[in-house]
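The values are calculated or read from the model by the stated rules, or taken from the named source; none is laboratory data. Just so you know, these numbers come straight off a predicted model, no measurement behind them. Cβ placement follows ideal geometry from the backbone for every residue including glycine, while neighbour counts extend to all protein chains displayed. Ligands, DNA and RNA are stripped out before the accessible areas are found, and what is left, the full protein with its side chains, is counted by its heavy atoms. Shrake-Rupley method; radii C 1.70, N 1.55, O 1.52, S 1.80 Å.
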Amino acid sequence: QMSTVTSDFASAYGWPAGVYVNAVTENSAAEKAGILVGDIITSINGITVQTTTDLRNEITSYKAGTTISITLQRLSRGRFQEITVKATLTSSPEYAD
């Protein structure tokens, strides 16, 4: 599950704009890739995603079985750090608004 970190929210709280991960389904591609609750996804294969719609459109443009690079920001010791993980897509996208 995910939600959009709007530019207004990002500016007000010092967060990066992107897609906030609210929950990660057990045994999902996201969990296997190491995505955690609280991560903010900022790009897929180098293409910026700023909304849940952007993310959905980008992910669904690839076939199941494709491995993609996901760039995210993770809060660690009070600062966001950029991390890139690899995820292999399944036949049904594992996300919800």
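If the condition is being small (Gly, Ala, Ser) and either part of a loop (DSSP other than H, G, I, E, B) or open to solvent by 20 Å² or more (accessible area, probe 1.4 Å) (or both), then the stretch 1-22 contributes SER3, SER7, SER11, ALA12, GLY14, ALA17.
Of the residues making up the stretch 55-70, those that are open to solvent by less than 60 Å² (accessible area, probe 1.4 Å), over 12 Å from SER91 (Cα atoms) and in a helix (DSSP H, G or I) are LEU55, GLU58.
Within the stretch 61-72, none of the residues are in contact with a Pro (Cβ under 8 Å, 6 or more places away or on another chain) and touching a residue at least 24 places away in the same chain (Cβ under 8 Å). Would you check if THR25 is open to solvent by 30 Å² or more (accessible area, probe 1.4 Å), in contact with a helix residue (DSSP H, G or I) (Cβ under 8 Å, 6 or more places away or on another chain), in a loop (DSSP other than H, G, I, E, B) and at pLDDT 90 or above? Against the criterion (open to solvent by 30 Å² or more (accessible area, probe 1.4 Å), in contact with a helix residue (DSSP H, G or I) (Cβ under 8 Å, 6 or more places away or on another chain), in a loop (DSSP other than H, G, I, E, B) and at pLDDT 90 or above), THR25 qualifies. Of the residues that make up the stretch 31-38, is at least one open to solvent by less than 30 Å² (accessible area, probe 1.4 Å) and either touching a residue at least 60 places away in the same chain (Cβ under 8 Å) or under 17 Å from ASN57 (Cα atoms) (or both)? There is no residue in the stretch 31-38 that is open to solvent by less than 30 Å² (accessible area, probe 1.4 Å) and either touching a residue at least 60 places away in the same chain (Cβ under 8 Å) or under 17 Å from ASN57 (Cα atoms) (or both).
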